[in-house]
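Quick notes on the structure that follows.
The values are calculated or read from the model by the stated rules, or taken from the named source; none is laboratory data. Here the structure is a predicted model, which means the values were calculated and not measured. Reconstructed Cβ throughout: ideal geometry from the backbone, glycine too, with neighbour counts over all protein chains shown.
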């Protein structure tokens with residue numbers, strides 16, 4: 001088990017210590033039991049004795065990478081140990097082709113609707129990694145106007161429909177002082193689309209004021225819609241919570257309640273999601289330490305999906321720190337690429353993203 005060459009290895013650990021630490025993390029993730037030196041010697045062809053392993057385990061504990069329960073001679077990883085494992089010892093991974101094909105098939109069985117794809121992605125992620133999964137709808141960093149439509153309901157009542165970049169739709173009824181025909185409303189909405197499409201509320205606010213009172217009123221309402229959209233809490237789709245509650249880490253009522261609070265509204269992980277939206281690639285967040293000490297015993301594996309010019313969403317896995325990181329990271333990466341390709345096809349872009357990265361090893 002050698003660390004990837006793309007990341008520098010802290011000099012405080014020797015190659016043998018890295019091997020022992022990696023195997024302990026791997027065994028603890030698999031069995032959820034403290035790992036003893038004899039277990040490692042009997043399971044792996046290490047080339048050194050049980051006494052040597054015990055000595056290395058003691059040194060790793062002194063360095064803060066391992067700890068041990070008082071009732072056991074075996075060791076378990078600390079937050080620092082998990083973080084080192086993910087950053088330096090975890091091999092790159094990709095999903096087996098048969099799993100990729102199964103996932104693709106599920107998406108192409110449903111209609112081409114973004115909301116259905118987002119919901120399905122949470123369900124597929126949860127089933128594939130047997131953990132809790134979260135997804136959000138793609139949205140720009142700031143709300144933007146995509147299209148405005150004015151529909152006459154009565155001579156002096158109009159429905160304004162504002163479609164935002166990313167697909168969200170906001171509607172508002174407006175009482176008119178004078179009667180407007182549908183043709184007149186169509187011409188007004190066409191003018192608004194020409195001037196406002198692709199703009200955020202601060203830029204609209206700087207535009208020259210309309211001479212027509214109704215146009216001024218509509219622009220003010222659109223600014224208000226965009227402003228409150230930026231302030232809106234993001235809806236988080238979730239699935240597979242019961243998978244996590246079956247883990248021994250959350251067997252107690254207190255531990256289970258702390259985990260469930262993650263999915264309250266507003267969710268304590270919403271700031272993490274907002275930050276993750278600005279970063280490309282798969283991100284691994286290990287809770288229990290600053291700035292994530294409000295998430296004890298929880299890890300998040302997140303990835304942005306979508307397109308920068310149309311809006312980005314987040315998908316990922318929330319589970320115990322003792323999670324199979326290789327399988328989880330590879331699944332999240334694959335799902336992110338798949339969703340980005342689906343979003344591109346929905347909006348008619350010519351170059352959807354690739355489904356999986358090249359030159360990777362099977363996950364563990």
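Going by what's in this entry, would residue 107 be described as assigned to a helix (DSSP H, G or I), surrounded by 14 or more Cβ atoms within 10 Å (Cβ to Cβ) and in the same structural domain as residue 325 (by TED's automatic domain parsing)?
Considered against the rule, which asks whether it is assigned to a helix (DSSP H, G or I), surrounded by 14 or more Cβ atoms within 10 Å (Cβ to Cβ) and in the same structural domain as residue 325 (by TED's automatic domain parsing), residue 107 comes out as yes.
In the set 145, 169, 163, which member is over 17 Å from residue 340 (Cβ atoms), buried (at least 20 other Cβ atoms within 10 Å of the Cβ) and in contact with a strand residue (DSSP E or B) (Cβ under 7 Å, 6 or more places away or on another chain)? Walk me through it before giving the result.
On the way: 169 fails: buried (at least 20 other Cβ atoms within 10 Å of the Cβ); 163 fails: buried (at least 20 other Cβ atoms within 10 Å of the Cβ).
After applying the criteria, what remains is 145.
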Quick check on the range 280-299. Is at least one of its residues out of contact with any helix residue (DSSP H, G or I) (no Cβ under 6 Å at 6 or more places or on another chain), assigned to a loop (DSSP other than H, G, I, E, B) and under 25 Å from residue 167 (Cβ atoms)?
yes
Out of the residues in the range 318-360 that are more than 18 Å from the chain's Cα centre (by Cα) and more than 26 Å from residue 140 (Cα to Cα), state the one that is modelled with the lowest pLDDT.
358
Just to be sure before I move on: is residue 315 under 25 Å from residue 144 (Cα atoms) and at pLDDT 90 or above in the structure I sent?
yes
Of everything in the range 261-300, what is surrounded by 13 or more Cβ atoms within 10 Å (Cβ to Cβ) and at positive phi? Give them in sequence order.
288, 297
Criterion first (surrounded by 16 or more Cβ atoms within 10 Å (Cβ to Cβ), part of a helix (DSSP H, G or I), assigned by TED's automatic domain parsing to the domain that holds residue 298 and touching a strand residue (DSSP E or B) at 6+ places or on another chain (Cβ under 7 Å)) does residue 133 satisfy it?
no
